[in-house]
Amino acid sequence: MLKFSKFILLSALLAIAAGAQAADDKAAADKPAALVNGVAIPQSRIDMRIKAAAQQGQPDSPEMRKAIRDDIINLEVISQAATKSSLDKQPEVAQQLELARQSVLAGAYVQDYAKTHPIADDVLKQEYETLKARVGNKEYKLSHILVESEDEAKKVEAELKKKGAKFATIAKAHSKDPGSKDNGGELGWAVPSNFVQPFAEAVLKLGKGQVSDPVQTQYGWHIIKLEDTRELKVPTFEEMKPNLEKRKQQEAVQKLIEDLRSKAKIE
């Protein structure tokens, strides 16, 4: 019974100590880090900047903390001088201040929405399976020649069929694609879903070493060569999860904005 009483007492003391420490921490955060002409700069403002710097990869150090404190003091000194000069009353400055206020509020609202509306794992897994099906299990090494008209494409096609014709040489001479022309039309390794539909459909019909008939897209007319294929190693769900979550959150926020606009009275 004595041991049990000691345990209860120890737990109570630890709880009190923890509460006191939390209160001390809160008081430290609320304590002014500096006074500038009687205006208090709260420690929490400096802590927020330190946290942001750490998230950007800057190592925490006394020098970094001092630099941030000095920077915030400088901002306070300058803003006080600007207010004294009534610059905050100028229409353009007032508009910029209002836009800054709205930006901060909008950012806080979006962060709060994302926090209170997490994306369920089953939704992310469904997105992952959809993505896997769209990407497929193969990568394709492609080259292409892009021209502006069907007539040009047919002339290039005829030239490619000549004995000894080299695709890369003809691509350098005729292709209008600045990103691949100088490399003989090489597009590198990719999955068909990365391309517009007519181009992707033409790729899937080709065998290794084959050249397509002219294919029209919104960019012009293409002649495509399949150089090679290889198995595609698809990342696991856990590897893809952060990116999938980010994408679904962006979609949710976009829908939120559309819903808010639809309910707003805009004249």
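Quick notes
- Check on Glu201, in the same structural domain as Lys162 (by TED's automatic domain parsing) and either under 30 Å from Pro118 (Cβ atoms) or in a helix (DSSP H, G or I) (or both): yes
- Near pairs, Cβ below 9 angstrom, 6+ apart or cross-chain, from segment 154-183 (on the phi < 0 side of the Ramachandran plot and among the acidic types (Asp, Glu)) to any residue that is part of a helix (DSSP H, G or I) and buried (at least 17 other Cβ atoms within 10 Å of the Cβ): Glu159/Ile170; Glu159/His174; Asp177/Ala171
- Members of segment 15-56 that are modelled with pLDDT of 90 or more, not in a helix (DSSP H, G or I) and not small (Gly, Ala, Ser): Leu35, Val36, Asn37, Val39, Ile41, Pro42, Gln56
- Number of residues in segment 215-267 that are part of a loop (DSSP other than H, G, I, E, B) and hydrophobic (A, V, I, L, M, F, W, C) equals 4.
- For beta carbons closer than 7 Å, sequence separation of 6+ or different chains, a first residue in segment 121-137 that is touching a residue at least 40 places away in the same chain (Cβ under 8 Å) and a second that is surrounded by fewer than 15 Cβ atoms within 10 Å (Cβ to Cβ) and in a helix (DSSP H, G or I), the qualifying pairs are Arg134/Ser193; Val135/Ser193.
- Residue selection: Lys225 satisfies the criterion of being among the basic types (Lys, Arg) and surrounded by 13 or more Cβ atoms within 10 Å (Cβ to Cβ).
- Residues considered: Leu256, Leu244, Leu204. Of these, the only one that is over 21 Å from the mean Cα position of the chain (by Cα) and among the hydrophobic types (A, V, I, L, M, F, W, C) is Leu204.
- Residue that is surrounded by the fewest Cβ atoms within 10 Å (Cβ to Cβ), among those in segment 133-164 that are in contact with a Phe, Trp or Tyr (Cβ under 6 Å, 6 or more places away or on another chain) and farther than 12 Å from Ser175 by Cα: Glu150
- Residue selected from segment 158-196 under the condition among the polar types (S, T, N, Q) and outside any loop (DSSP other than H, G, I, E, B), by the criterion farthest from Asp228 (Cα to Cα): Thr169
- Subset tally (residues that are in a strand (DSSP E or B) and hydroxyl-bearing (Ser, Thr, Tyr)) for segment 141-157: 1
- Every condition in (1) in the same structural domain as Ile119 (by TED's automatic domain parsing); (2) within 21 Å of Lys154 (Cβ to Cβ) holds for Glu239 except the one numbered (2).
The values are calculated or read from the model by the stated rules, or taken from the named source; none is laboratory data. Just so it is clear, the model here is predicted, and its values are computed rather than measured. Cβ atoms come from the backbone with ideal geometry, glycine included; neighbour counts cover every protein chain shown.
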